[in-house]
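> Please find one structure pasted underneath; my questions will follow.
The values are calculated or read from the model by the stated rules, or taken from the named source; none is laboratory data. From a predicted model like this one, the values you see are computed outputs, not experimental measurements. No Cβ is skipped: glycine too gets one built from the backbone with ideal geometry, and neighbour counts run over all protein chains shown.
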Amino acid sequence: MADHTTYSSIQRLAEFVRPTVFGDFNVISYNVTGSFAFAVTRGEIPQDDLLVRVQSPCLFGESFGVNSCDCGAQLTKALQIGSQESSFLLIYLSYQEGRGLGMGQKIKAIDTEANQHVDMVEAFHLLGFPLDLREYRAAAEIIKDLNEEHSIRLMTNNPKKVAGLEEYGVQISARVPLLIDPPNAACQRYLTTKKHKMGHILPNIE
């Protein structure tokens, strides 16, 4: 593990090992200007071409089992894949619910989507919300805190996430897809919207 370094937006708080259904992972908690982020790691870090997943929370998909989105399935699959790697890092940005809008605005968007029968992009537009307010400075600083200046392989389907981390100096040697086959028609519509209106790279979706 890299020596602790102080960055402007993060402060390391605690570190401990927790058993999971995919084996033992090391968990490092960070203060991010009054909010929290978590680094879930496995194996020896730093290293070149470390496999990294950066995840923002989705209460409904991750906690309630809602499968009209791919959020919960992506988190599970990322941890499963990471458990098979010699080294792995997952960063969980717990303060970025609803693409950075917060829970209150996300609930309004879901209500609009469900009850006005529009897709999520249309719901955000109807409400006058920006589609994505996520930023990746804290994630980049956590990567540098743990993996120093070594390159990473980023597990994502979203080119904007690649650009968001590169903006803060993270060297990304490869983008690794994290594809979920939609379990129902609602998830199919969600992923189709992601592909055609948000630019996600989803070759498994028409």
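> As an exercise: evaluate ARG12 against (1) under 18 Å from the mean Cα position of the chain (by Cα); (2) crowded, with 16+ Cβ neighbours inside 10 Å; (3) not in a loop (DSSP other than H, G, I, E, B) and give the number of the one condition it does not meet.
Result: ARG12 passes all but (1).
> Need the failing condition index for MET120 against (1) more than 21 Å from SER9 (Cα to Cα); (2) at pLDDT 95 or above; (3) not small (Gly, Ala, Ser), just the number.
(2)
> Just checking, how many residues over the range 95-126 are surrounded by 15 or more Cβ atoms within 10 Å (Cβ to Cβ) and within 21 Å of LYS161 (Cα to Cα)?
11
> Scan (1) in contact (Cβ under 8 Å) with a residue 12 or more places away in the chain; (2) crowded, with 20+ Cβ neighbours inside 10 Å for the single condition PHE129 breaks and write down its number.
Every listed condition holds for PHE129 apart from (2).
> Also, I was wondering about something else. Select the helices (runs of 4 or more DSSP H) contained entirely in the range 70-135, then report the ones holding at least 2 residues which are polar (S, T, N, Q).
Answer list for the range 70-135: 71-83, 103-116.
> In the range 58-96, what count of residues is obtained for those that are closer than 17 Å to LYS194 by Cα and of a type outside the set (A, V, I, L, M, F, W, C)?
Count: 6.
> All but one of (1) out of contact with any strand residue (DSSP E or B) (no Cβ under 6 Å at 6 or more places or on another chain); (2) in contact (Cβ under 8 Å) with a residue 12 or more places away in the chain; (3) more than 17 Å from ILE180 (Cβ to Cβ) hold for ALA37; state the number of the condition that does not hold.
Looking at each condition in turn, ALA37 falls short on (1).
> Now for a different question. Taking the range 67-94 on its own, how many of its residues are surrounded by fewer than 16 Cβ atoms within 10 Å (Cβ to Cβ) and farther than 24 Å from GLY164 by Cβ?
Of the residues in that region, 4 qualify.
> Of the residues GLU135, GLU167, GLU149, which is among the acidic types (Asp, Glu), surrounded by fewer than 21 Cβ atoms within 10 Å (Cβ to Cβ), in contact with a Gly (Cβ under 9 Å, 6 or more places away or on another chain) and modelled with pLDDT of 95 or more?
Residue meeting the stated conditions: GLU149.
A quick yes/no check of all residues on (1) out of contact with any Ser or Thr (no Cβ under 6 Å at 6 or more places or on another chain); (2) within 25 Å of TYR30 (Cβ to Cβ):
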{"position": "GLY128", "(1), (2)": "yes, no"}
{"position": "ARG137", "(1), (2)": "no, yes"}
{"position": "MET155", "(1), (2)": "yes, yes"}
{"position": "GLN171", "(1), (2)": "no, yes"}
{"position": "PRO183", "(1), (2)": "yes, no"}
{"position": "PRO203", "(1), (2)": "yes, no"}
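> Scan the range 78-94 for residues that are of a type in the set (Ser, Thr, Tyr) and farther than 13 Å from ASP24 by Cα and jot them down.
Hits for the range 78-94 are TYR92, SER94.
> Looking at GLU97, GLU85, can you tell me which residue is out of contact with any Phe, Trp or Tyr (no Cβ under 9 Å at 6 or more places or on another chain), at pLDDT below 95 and acidic (Asp, Glu)?
Just a single option satisfies the conditions, and that option is GLU97.
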